[in-house]
Amino acid sequence: MSNQIYRQRFSVPFEYAVCFTRGVFDPNNSTLADVLASREPERRHRMFVVVDSGVARGFPELPRAIATYCARHADRLELLETPTVIPGGEQVKQSPAIVEGLQEDMRRLGVDRQSYVVAIGGGAVLDAVGYAAATCHRGVRLIRLPTTVLSQNDSGIGVKTGINAFGAKNFLGTFTPPFAVINDADFLATLEARDLRAGMAEAVKVALIRDGELFRWLQEHVEGLRAFEPVAMAHMIRRAAEIHMQHIAGGGDPFEFGSARPLDFGHWVAHKLESLSSHQVRHGEAVAIGMVIDSFCSVEQGLLEPGALEAICDLLEALGFSLWHPALEQRDAQGEPELLDGLREFREHLGGELTVTMLRELGVGVEVHAVDAKHVARALAWLKAREGARDAAQ
């Protein structure tokens, strides 16, 4: 009997709305109701709502506002029960019990593939709730309402879900596009300055690898951004989100089947630094340091002009970022920086050969397949010396 191989091939188009608004739960704002009813306008749509605990503290009136909104739009929306509140921040991704609790809630409430899970929170909560929704009934419709700068301009726009497991960041997860994303600028009002600032790192990131004009705009508006001026913040968030969307749609690999993740510039450092600091360093803060280390390595490899590295550092420091953390000094048993293990973890997460984004110029990223440990060590020494000089000057 001869062997026979059949090649099954089909394509599935993905499309989802990304909305920018204010007062999403104002009864007179129909954005949420319109989005949920966009595919089946004649149905009454069932909603299971999950809220980040930080958002719940900052907006104590939110459960009542959601209930009032659903009552106003009762012909199209049905709120299944009072919103469920879960911990915000990285802790939610560390606890499988929280995800299991959400899955049990969905089973108990009869959430099906035509129902909606509405996730309101920062990137970690969107990741965890998205993973729970993606694994119930092989995928329940997810509406994301990002509430941080980081999630509104980056993570909330994308197609990933995930939680940490077995000591590895995002080891469990899926590529599942949301049904829709709704960015409500009002949610940023109660964020602490540290969280507002941390989210700016992802805007700097996409500017560095994709849009030199945006980098120059960030330089020109650094004072307004440092003061969290609403108009400047809104422009930065929207432009960064647009670039992220363009990459997902036109980058050719939205589900990352290959070994390259250009939007993760600076992230091999960031993921490891978060772990080394026991998550005392926010993701955006770690990304800022990671981008500088990779930019330093870009100079060492002859890809980037030294003046560009200084411009990157100047911008990040002007925005209020610290470019050094003591966790960077941790060493392994052989005396090597523990940070270097982040390269191995990054390659394992990608699969295949190591692929890291470096910079050719401001606004232009380039893929490389090796990072010299000596370059990283020099980058760490340079950053520590720079931080010491800044401290002495102050």
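A few notes on this one:
- Projecting the Cα atoms of Leu273, Leu316, Gly250 onto the charge dipole of segment 240-330 (Cβ charges, centred on the Cα centre) puts Leu273 farthest toward the positive pole.
- When Rg and Dmax are taken over the Cα atoms of segment 279-342, they come to 13.0, 37 Å.
- Geometric extent, Cα atoms of segment 255-394 - Rg, Dmax (angstrom): 14.4, 48
- Semi-axis lengths, Å, segment 17-190, gyration tensor of Cα atoms, sqrt of 5 times eigenvalues: 23, 18, 15
- Highest mean first, the peptides 35-43, 283-291, 87-95, 384-392 sorted by other C-beta atoms within 10 Å per residue fall in the order 283-291, 87-95, 35-43, 384-392.
- Relative protection proxy for 337-343, 325-331, 180-186, 3-9, from highest mean packing down: 180-186, 337-343, 325-331, 3-9 (other beta-carbon atoms within 10 angstrom).
- Basic side chains Lys and Arg get +1 at the Cβ, acidic Asp and Glu get -1 at the Cβ, and with that the dipole of the chain about its Cα centre reaches some 1000 debye.
- Only Lys, Arg, Asp and Glu carry charge here, each on its Cβ (+1 for the first two, -1 for the last two); on that basis segment 193-393 has a dipole of about 240 debye about its Cα centre.
- For segment 193-393, with +1 on Lys and Arg beta carbons and -1 on Asp and Glu, the positive-most of Gln219, Ala379, Gly302 along the dipole: Gln219
- Placing +1 on the Cβ of every Lys and Arg and -1 on the Cβ of every Asp and Glu, with nothing else charged, gives segment 179-309 a dipole about its Cα centre of roughly 100 debye.
- Label zone of Ala393 (point 7 Å out along Cα→Cβ, amide N under 17 Å): in segment 295-309 this covers 307-309.
- Spin-label model, Glu242 to Asp314: label points 7 Å out along the Cα-to-beta-carbon direction sit 2.6 nm apart.
- 15 Å cut-off, amide nitrogen to a point 7 angstrom out along Gln280 Cα→Cβ, residues in segment 308-348: 322-331
- Global form of the chain, assessed from the alpha-carbon gyration tensor, a/c cut-off 1.5: prolate
Bear in mind these aren't lab numbers, they're just calculated from the coordinates by the rules spelled out. Being a predicted model, the structure only gives us computed values, none of them experimental. Please note: Cβ atoms are built from the backbone with ideal geometry, for glycine as well, and neighbour counts cover all protein chains shown.
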